[in-house]
Amino acid sequence: MSEQDAAPAGAKPAPSNLVMRVLAALVLAPLTIAVAYAGGWLWALLVTLVSIGLFAEWLTVVGAGSAALTGAGTIVIAMMGAAVAFGGLKTSVIVGLVGGAIVTLIARGKFIWAATGFAYAAAALLASILVRKDLVNGFSALMFVLLVVWATDIGGYFAGRSIGGPKLWPRVSPKKTWSGALGGFVASLLVAVGFAACGFGKMGPLLLVSAILSVVSALGDLFESAVKRLFGVKDSSHLIPGHGGLMDRLDGFVAAILAAWIIGFLRHGVHSAGSGLMVW
């Protein structure tokens with residue numbers, strides 16, 4: 001969720017909420033980076049648990065969170081994560097297709113929303129693991145995506161509150177502004193400049209990739225906001241202090257990591273997506 005959702009433009013955020021956000025970020029960001037650096041089964045385990053959480057929250061938001069449906073999805077996503085973590089990508093895809101069909105059948109009247117939520121979680125799972133599995137540039141590619149998403153959020157937060165102005169899409173997310181969107185976009189480009197300056201890629205291509213991922217991240221944020229507004233839900237859960245749930249915190253990342261994997265896959269193939277993203 002973009003930081004602009006916290007309070008109306010021009011208003012000062014509640015100190016207690018801001019403190020909770022900062023404290024949560026100070027704990028979660030270093031932990032995420034450390035596990036990402038370790039990679040392997042540890043990163044796959046974290047991603048699998050988070051993907052299960054995303055699916056469970058999605059079902060709650062759309063009003064389909066039955067024990068049977070949540071349990072079935074949890075088992076399927078866990079099997080997918082285990083398979084892809086140990087090199088069984090084809091097995092993971094087959095499990096996902098069969099398991100997704102079962103989840104859809106269990107959902108009955110909510111089958112479209114259940115299928116969408118399962119695809120959302122499964123895509124986050126596979127893209128996050130596959131980008132990191134690149135032995136040469138997996139970690140740098142993953143960090144690039146994470147930092148672009150974080151910069152987009154943080155830049156949007158400060159620009160939206162300090163500048164204010166016209167709303168971006170008031171019907172879907174009434175607190176987001178065009179100034180915040182522009183601020184987040186500019187902040188994401190600074191990530192590309194930093195990576196290029198440190199020798200992790202060429203300036204031009206990284207700026208282009210950063211721009212794409214920033215826009216996709218913002219669209220992922222708006223998509224999640226639209227789903228919540230459709231079902232009259234403010235936060236997907238209260239799991240993360242000051243941030244809401246996993247969907248609220250990772251909406252932009254899910255969209256961005258999927259786009260990053262697609263770019264990397266198209267350039268260097270399934271198992272070298274990290275290099276495809278970073279090496280031009």
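Quick look at the numbers
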read-out: Separation of the TRP280 and PHE111 label points, Cα + 7 Å toward Cβ, nm; value: 4.4
read-out: Relative contact order (%) - the chain, alpha-carbon pairs under 8 angstrom, separation at least six; value: 25
read-out: Solvent exposure, largest accessible area first (probe 1.4 Å, DNA, RNA and ligands not counted), of PHE86, PHE185; value: PHE86, PHE185
read-out: LEU97/VAL19 FRET efficiency (R0 45 Å; Cβ-Cβ; nearest 0.05); value: 0.50
read-out: Kirkwood hydrodynamic radius of segment 16-135, from inverse mean 1/r over distinct Cα pairs, in Å; value: 15.0
read-out: Protection proxy ranking of 36-44, 144-152 - average other beta-carbon atoms within 10 Å, highest first; value: 144-152, 36-44
read-out: Kirkwood-based Rg to Rh ratio, segment 50-121, C-alpha trace; value: 0.97
read-out: Of all accessible heavy-atom area on segment 19-113, the percent that carbon and sulfur account for (1.4 Å); value: 80
read-out: Ordering of 188-198, 244-254 by packing [mean C-beta count within 10 Å, highest first]; value: 244-254, 188-198
read-out: Cross-link pairs LYS175/LYS234; LYS90/LYS133; LYS110/LYS228; LYS110/LYS176; LYS167/LYS228 - those with Cα-Cα distance over 22 Å; value: LYS110/LYS176
read-out: Förster radius 25 Å - calculated FRET efficiency between LEU42 and LEU239, Cβ distance, rounded to 0.05; value: 0.75
read-out: The chain, accessible area per residue, ligands and nucleic acids excluded (1.4 Å, Å²); value: 45
read-out: Peptides 107-114, 232-239, 121-128, 206-213 ordered by average Cβ neighbours within 10 Å, highest first; value: 121-128, 206-213, 107-114, 232-239
read-out: Helical mean residue ellipticity (222 nm; -39500 (n - 2.57) per DSSP H run of 4+; nearest 500) of the chain; value: -26000 deg cm²/dmol
read-out: Residue-span extension gain [PHE158 to LEU31] - 0.36 nm each, minus C-alpha spacing; value: 43.3 nm
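The values are calculated or read from the model by the stated rules, or taken from the named source; none is laboratory data. Predicted model only: the values in this text are computed from it and were never measured. Reconstructed Cβ throughout: ideal geometry from the backbone, glycine too, with neighbour counts over all protein chains shown. Note: accessible area is taken over every heavy atom of the protein model, side chains too, but ligands, DNA and RNA are not part of it. Shrake-Rupley method; radii C 1.70, N 1.55, O 1.52, S 1.80 Å.
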